[in-house]
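Engineer: Structure in structure tokens, see below.
Please treat every number below as a calculation from the coordinates, not as lab data. On a predicted model such as this, the values are computed, not experimentally measured, just so you know. Cβ placement follows ideal geometry from the backbone for every residue including glycine, while neighbour counts extend to all protein chains displayed.
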Amino acid sequence: MKLIASLTSPYVRKVRIVLAEKKIDCDLVLDSPWVEGNQVAAVNPLGKIPVLVLDDESTLYDSRVIAEYLDTVAPNNRLIPASGRERISVKRWEALADGVLDAAVAAFLEAKRPDGERSPAWIERQRGKVSQALKVMSDDLGGQPWCHGSSLSLADVAVGCALGYVSFRLGDMRWREQYPNLAHLYDKLMQRPAFADTVPQG
């Protein structure tokens, strides 16, 4: 297998962490839809990363789909419960974390637009979504050691990627001071090689 990826994408980071936690070998092929001459559209018609290219050359895209696939092909260290409320709880956390990423990415990209094309109102709307979602994350986590259950799950992976990206691209939001329980969770996650080795670069 190979993963079409960039080192700054938080969605890629989520998949790379799942690969590492599951101890699945996968070649990393660096590419980006933002780089001229990129080949991303050849493997994903949506022109987005990550893309997982399987051994038979078929492709999977969207980090949620890829993470779920990887969790099913390797039975060790299961990150997503098999069924029922347990599974839905983890997937809800993932949806919330991915929503933070969607809004943070949108705010970051809009802020890079030239003067006259940039919409401050749009940026503030996206940042507002991030702020509101982080509060819900903190409230839902409470004093628990993990987002779901008694050990690492995809919920923690997704939340860790979201928090890392907010720090990386929207550092002025200072979520660590506002939500010490989220900061404690992120610091604990960063002690794991899968997280420490995938910190965004660029």
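Engineer: Among Ala155, Ala104, Ala121, which is the only one that is among the aliphatic types (A, V, I, L, M), without any contact (Cβ under 8 Å) to a residue 60 or more places away in the chain and not in a loop (DSSP other than H, G, I, E, B)?
Structural biologist: Just one listed residue meets the conditions, Ala121.
Engineer: Still on this model: What helices (runs of 4 or more DSSP H), lying completely within segment 1-90, carry at least 2 residues that are within 21 Å of Val166 (Cα to Cα)?
Structural biologist: Counting at least 2 such residues, we get 10-22, 63-73.
Engineer: Let me ask something additional. If you check every pair at least six apart or on different chains, which have Cβ atoms under 6 Å apart with a residue in segment 13-31 that is under 21 Å from Ala41 (Cα atoms) first and a residue that is in a strand (DSSP E or B) second?
Structural biologist: Matching pairs, first to second residue: Cys26/Leu3; Asp27/Lys2; Leu28/Leu3; Leu28/Ala5; Val29/Lys2; Val29/Ile4; Asp31/Ile4.
Engineer: Do you know which residues across segment 49-90 are among the basic types (Lys, Arg) and closer than 18 Å to Met1 by Cα?
Structural biologist: Arg64
Engineer: Any residue that is under 17 Å from the mean Cα position of the chain (by Cα), surrounded by fewer than 17 Cβ atoms within 10 Å (Cβ to Cβ) and under 29 Å from Pro45 (Cβ atoms) - is there at least one of those in segment 65-88?
Structural biologist: yes
Engineer: Here is a follow-up. Let me confirm something: among Gly143, Gly149, which residue is touching a residue at least 40 places away in the same chain (Cβ under 8 Å) and not hydrophobic (A, V, I, L, M, F, W, C)?
Structural biologist: The match here is Gly149.
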